[in-house]
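**Student:** Would you mind keeping the following structure in view while I ask a few things?
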Amino acid sequence: MYVIGIEGLVRAGKSTLVKWLAEFLNAGVVEEYGMYIKRTGTGFPSFPFVSYKAALSASMMFFDIEERRLADLKRIKDKGIILVDRTYLSCLGFDYAARYFTGFDTFREVENLWCAARKIELDLILFLDVSQTKLEERIASHQHLYLPHLCDPTFNRYITEFLQQRLGGDEHIVHINADQGQDVVRHQALTHIKRLQD
């Protein structure tokens with residue numbers, strides 16, 4: 001079994017790629033954190049945070065969701081390939097960026113917690129790197145309402161910086177330019193997955 005994470009900013013094309021790859025490869029899917037939050041009806045924590053405690057509490061919510069994602073992964077482990085829409089790196093990237101907006105730097109504490117926590121272990125992460133210009137174009141043509149900070153250029157620059165720092169590290173992240181056409185992104189994704197299988 002190969003477990004492949006798909007990472008990137010909003011409107012990078014993560015969920016679209018996951019859906020296509022799942023059909024093409026007959027792969028299992030673990031949904032992104034936001035889908036679990038929607039199902040519980042709790043909503044995302046309010047942002048910006050008003051205290052260090054509130055910032056840390058918001059992060060802890062995602063550890064609980066990761067436990068549910070692990071349970072879902074176990075249910076579909078008979079699939080040869082499992083696609084994970086967003087990984088724990090999304091949660092860490094948010095903390096990395098949020099500290100510049102709130103002044104409450106929980107990043108190192110949360111990073112240490114994730115290092116020790118049970119989480120989905122990944123064989124490969126495809127980082128769909130979308131430019132702010134393309135992101136804004138896609139948001140403008142889409143009906144969905146996004147949380148303001150997820151569209152903020154400075155916030156997104158810090159998240160992208162965090163993910164780029166991980167390239168070539170232990171997480172086995174590969175970079176795909178998500179500004180390219182969908183067919184090009186799909187081809188590159190399949191190429192990386194084939195290399196993993198070989």
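**Student:** Search the stretch 97-117 for residues that are farther than 21 Å from GLY8 by Cα and pair each with any residue that is surrounded by fewer than 14 Cβ atoms within 10 Å (Cβ to Cβ) when their beta-carbon atoms are under 8 Å apart and the residues are at least 6 apart or on different chains.
**Tutor:** THR102/PRO48; PHE104/SER51
**Student:** Same structure again: Applying the selection to the stretch 136-162, what residues are part of a helix (DSSP H, G or I) and over 26 Å from GLY103 (Cα atoms)?
**Tutor:** GLU136, GLU137, ARG138, ILE139, ALA140, listed by residue number.
**Student:** Does ILE159 satisfy the criteria of being buried (at least 16 other Cβ atoms within 10 Å of the Cβ), out of contact with any Gly (no Cβ under 7 Å at 6 or more places or on another chain), over 17 Å from THR16 (Cα atoms) and not charged (D, E, K, R)?
**Tutor:** Spelling it out, it is not the case that ILE159 is buried (at least 16 other Cβ atoms within 10 Å of the Cβ), out of contact with any Gly (no Cβ under 7 Å at 6 or more places or on another chain), over 17 Å from THR16 (Cα atoms) and not charged (D, E, K, R).
**Student:** Return a yes/no flag: does the stretch 176-184 have any residue that is within 24 Å of MET61 (Cβ to Cβ) and either free of Cβ contacts under 8 Å to residues at least 12 places away in the same chain or in contact with a helix residue (DSSP H, G or I) (Cβ under 7 Å, 6 or more places away or on another chain) (or both). Before the answer, list the steps.
**Tutor:** So in the stretch 176-184, the residues within 24 Å of MET61 (Cβ to Cβ) come out as none.
Within the stretch 176-184, not a single residue is within 24 Å of MET61 (Cβ to Cβ) and either free of Cβ contacts under 8 Å to residues at least 12 places away in the same chain or in contact with a helix residue (DSSP H, G or I) (Cβ under 7 Å, 6 or more places away or on another chain) (or both).
**Student:** Residue check: is ASP78 of a type in the set (D, E, K, R), at negative phi and crowded, with 18+ Cβ neighbours inside 10 Å?
**Tutor:** It is false that ASP78 is of a type in the set (D, E, K, R), at negative phi and crowded, with 18+ Cβ neighbours inside 10 Å.
**Student:** Turning to a different aspect of this structure: Here's a check for you: in the stretch 181-191, which residue that is surrounded by fewer than 16 Cβ atoms within 10 Å (Cβ to Cβ) and either farther than 14 Å from LYS14 by Cβ or in contact with a strand residue (DSSP E or B) (Cβ under 6 Å, 6 or more places away or on another chain) (or both) is modelled with the lowest pLDDT?
**Tutor:** Residue satisfying both the conditions and the ranking: GLY181.
**Student:** Identify, from the list ILE6, ILE65, the residue that is closer than 20 Å to PHE162 by Cα, of a type in the set (A, V, I, L, M, F, W, C) and surrounded by 14 or more Cβ atoms within 10 Å (Cβ to Cβ).
**Tutor:** Among ILE6, ILE65, only ILE6 is closer than 20 Å to PHE162 by Cα, of a type in the set (A, V, I, L, M, F, W, C) and surrounded by 14 or more Cβ atoms within 10 Å (Cβ to Cβ).
**Student:** Would you check which residues across the stretch 9-54 are surrounded by 13 or more Cβ atoms within 10 Å (Cβ to Cβ) and among the β-branched types (Val, Ile, Thr) and list them?
**Tutor:** VAL10, THR16, VAL18, VAL29, VAL30, ILE37
**Student:** Could you please find all residues in the stretch 163-198 being part of a helix (DSSP H, G or I), over 14 Å from VAL130 (Cα atoms) and not polar (S, T, N, Q)?
**Tutor:** Across the stretch 163-198, the qualifying residues are ARG166, ASP183, ARG186, HIS187, ALA189, LEU190, HIS192, ILE193, LYS194, ARG195, LEU196.
**Student:** Here's a check for you: in the stretch 82-111, which residue that is buried (at least 21 other Cβ atoms within 10 Å of the Cβ) and β-branched (Val, Ile, Thr) is nearest to LEU196 (Cα to Cα)?
**Tutor:** So, considering only residues that are buried (at least 21 other Cβ atoms within 10 Å of the Cβ) and β-branched (Val, Ile, Thr), the one nearest to LEU196 (Cα to Cα) is ILE82.
**Student:** Continuing with this model, one more query. Please verify whether LYS119 is in contact with a strand residue (DSSP E or B) (Cβ under 8 Å, 6 or more places away or on another chain), in a loop (DSSP other than H, G, I, E, B) and either at pLDDT below 95 or surrounded by fewer than 21 Cβ atoms within 10 Å (Cβ to Cβ) (or both), treating the condition exactly as stated. Can you show your working first?
**Tutor:** On the way: in contact with a strand residue (DSSP E or B) (Cβ under 8 Å, 6 or more places away or on another chain): no; in a loop (DSSP other than H, G, I, E, B): yes; either at pLDDT below 95 or surrounded by fewer than 21 Cβ atoms within 10 Å (Cβ to Cβ) (or both): yes.
So LYS119 does not fit the description; no.
The values are calculated or read from the model by the stated rules, or taken from the named source; none is laboratory data. The structure presented is a predicted model; accordingly, all values stated were derived computationally and were not measured. Methodologically, a virtual Cβ is constructed for each residue, glycine included, from the backbone with ideal geometry; neighbour enumeration extends over all protein chains shown.
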